Every structure is written in C-alpha cells, then in structure tokens.
1. Can you put ASP177, ASP66, ASP255 in order of Cβ neighbours within 10 angstrom, beginning with the fewest?
2. Can you sort THR84, THR12 by how many other beta carbons sit within 10 Å, fewest first?
3. Around HIS8, which amide H atoms from residues at least 5 apart in sequence, or from another chain, sit under 5 Å from its own amide H, with H modelled in the peptide plane?
4. Can you list residues whose amide H is under 5 Å from PHE186's amide H, if they're 5+ apart or on another chain and H is modeled 1.01 Å from N?
5. Summarise the long-distance tail of P(r) for the chain by giving the % of C-alpha pairs beyond 23 Å.
6. Of ASN139, ASN277, ASN205, which has the largest mean-square fluctuation in a 10 Å C-alpha GNM of the chain?
7. Kindly put SER72, SER257 in sequence by how many other C-beta atoms sit within 10 Å of each C-beta, fewest to most.
8. Give the calculated FRET efficiency between ASP61 and ARG266 to the nearest 0.05, with a Förster radius of 51 Å applied to their Cβ-Cβ distance.
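A short reminder: the numbers here are calculations on the coordinates, not readings from a lab. Here the structure is a predicted model, which is why all the values come from computation and not from measurement. Cβ sites come from the backbone with ideal geometry, for glycine too, and all protein chains shown count toward neighbours.
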Amino acid sequence: MSIAYITHDACTLHEMGPHHPEQPSRLGAINDRLIASGLDPVLRHHAAMPADREHLLRAHDAAYVDQLFARSPEGGLVWLDGDTAMNPSTLDAALYAAGAVVQAVDLVMSGGAAQAFCAVRPPGHHAERARAMGFCFFNNVAIGAAHALATHGIERVLIADFDVHHGNGTESIFVGDDRVLFCSTFQHPFYPYTGHESQAPNLVNVPLPARTNGAEFREAVSRHWLPAIEAFAPELVMISAGFDAHIEDDMAELDLSEADYGWVTRQLSGVAKRHANGRIVSTLEGGYALSALGRSVAVHIEALLDG
C-alpha cells in the first residue's frame with residue numbers, strides 16, 4: 001500500500017518576512033525533490049482538511065485558541081514572540097497543518113493507508129497548551145495523538161521527535177500521561193533550553209552536544225529510545241519529523257545526514273510492524289537548508305515505503 005501524502009496550498013501562504021528561515025519554499029523544495037527522485041508517482045496525494053475547534057481543544061486551552069483567532073491580522077504581521085508571527089494567511093495555514101495530522105490519523109487507523117506523511121507548515125512541536133513559540137501556533141502532532149486516543153479506541157501512542165530542537169510543547173501537553181510515550185533527541189544546550197531535566201516516566205529525552213555525528217545519534221537512539229519503545233508497545237507511531245539536525249543546516253550544530261534519517265525511520269517502522277500493524281503518521285517540523293531538507297524527506301519517505 002502506498003503512503004498517504006497530505007498537504008494543502010494554504011500552507012504556502014503563511015509568511016513571516018523575506019529573511020525568516022521558516023519560509024514557504026520549504027514545501028517547494030520537498031515537492032521538487034520527490035518529483036526528481038521518482039517518489040511522487042507512488043504517493044497517494046490528499047488535500048488536507050482544516051482542524052476544527054474540537055480537535056484543537058484536545059491539546060490547547062480554549063482561551064488560547066480564541067486569542068489566535070482574535071489576533072489574526074487583516075494585513076501585515078502580528079508578532080506573538082520574537083520569531084513567531086501571523087500574517088493574514090497564518091491562521092488558515094495552521095488549521096490545515098493541524099487538520100492534516102488528524103486526517104492522517106483517520107486514514108491509517110481506518111486502513112485507508114499504512115503510513116502517512118504530512119508536508120505542512122507552520123510546524124507545531126513548540127506550541128504549548130496556551131502559548132505560541134518557535135515558529136509554531138498549534139501543536140500538530142499533539143492534536144493528532146489526542147485525536148487518535150479520543151476517537152480510535154487505542155491506548156498507547158508513541159511520539160518520536162528527532163528535530164534538532166526539543167519538542168517542549170509536545171512534552172508539556174502530555175507530561176505524565178501514560179497513554180503517550182514521548183521520545184526526543186535534541187541539541188543541548190540550545191533553544192528552547194528544555195528537556196534535559198525532565199523526569200516523568202513517559203518521557204525519554206536524549207540531549208546531544210553540539211557536533212554529535214550520525215554514529216553517535218544512532219547509538220543514543222538504540223540505547224535510550226528503542227528499549228523504552230519496545231516496552232511501551234505503541235498501537236500508533238507518530239513522528240515529529242524535523243530535519244534541522246542535518247550537517248548542512250546552519251540553524252544548529254548537529255552533524256546528521258539523510259542516511260541517519262533513513263536509519264531512524266527504519267527503526268520506527270520496525271516498531272510499527274511489531275506493535276502497531278505498521279501504522280505510522282509523520283509530520284514535518286523543522287529543516288531550513290532547502291536542498292538537505294528535500295533530500296532528507298525523500299529518504300524518510302523511502303524508508304517508510306520500505307517498511
């Protein structure tokens with residue numbers, strides 16, 4: 001069964017200024033690489049549906065959701081923090097990004113697809129219950145996980161996050177919730193300066209020093225993530241797929257390659273085969289070096305298909 005590829009044109013209309021790294025061309029770079037690599041024809045393309053209020057409120061406070069709607073500008077930019085801004089199209093983009101993950105969950109849980117990749121922006125894993133930050137407005141992966149638990153009769157969801165930044169928003173939403181295992185690798189010390197002191201039993205945080213290479217990343221995942229994941233036996237595997245730990249990405253200082261993203265994806269695919277009937281939902285987080293991003297997503301999707 002081919003992989004579901006979910007995106008929406010609305011996600012290209014969110015802009016935070018010409019020099020902002022989280023730019024619409026990220027999705028174009030992914031699309032171009034999938035075409036060049038020959039992967040595009042084997043994907044099942046779906047136009048995302050927007051998240052509704054019920055979806056959002058499973059992960060966010062009602063007052064925060066209302067605030068985002070109220071602050072959506074008719075023109076120009078409204079800055080919510082030093083690097084996170086709304087233009088007139090941001091709210092729609094964020095609703096489609098969150099809705100894509102809900103849609104992906106419904107597809108894989110119903111058997112309509114074995115795996116799904118959501119090529120969406122803005123990203124989500126820094127968004128907390130009542131706070132936008134780090135380019136994120138709604139926590140896409142958390143909304144999808146909460147939807148899976150609320151509507152599909154499962155009890156254990158894995159969220160694996162290999163973005164170079166710690167997924168503080170996802171952690172804050174699910175900390176202490178034994179239905180969700182959150183596994184994260186991230187550069188430390190580095191923005192958002194969280195995760196390294198977390199102690200809850202449903203968290204497996206693995207801080208990595210600058211200049212960590214692929215072999216060291218693989219060893220860390222093998223030592224810390226995989227035993228905890230096997231013990232948890234997830235019924236659904238979700239991936240916060242950030243590709244900004246790539247050696248070519250100057251957003252940070254980890255030295256991974258697309259081969260490392262393929263490796264970790266295959267490990268998670270193996271978990272999904274053993275415990276979750278192969279079900280995987282992956283959604284785009286970071287990745288700002290456009291060529292490296294396109295190549296990395298292509299390898300990620302190839303590994304999902306091989307799984």
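1. Working: ASP177 15, ASP66 11, ASP255 18.
Lowest to highest Cβ neighbour count: ASP66, ASP177, ASP255.
2. Values: THR84 22, THR12 18.
Sorted ascending by nearby Cβ count, the order is THR12, THR84.
3. ALA48
4. It is VAL206, LEU208, by chain and number.
5. On the way: 23197 of 46971 pairs.
The calculated P(r) of the chain puts 49 percent of pairs beyond 23 Å.
6. Top of the fluctuation ranking is ASN277.
7. Values: SER72 16, SER257 19.
By the 10 Å Cβ count, ascending: SER72, SER257.
8. Approximately 0.85, to the nearest 0.05.
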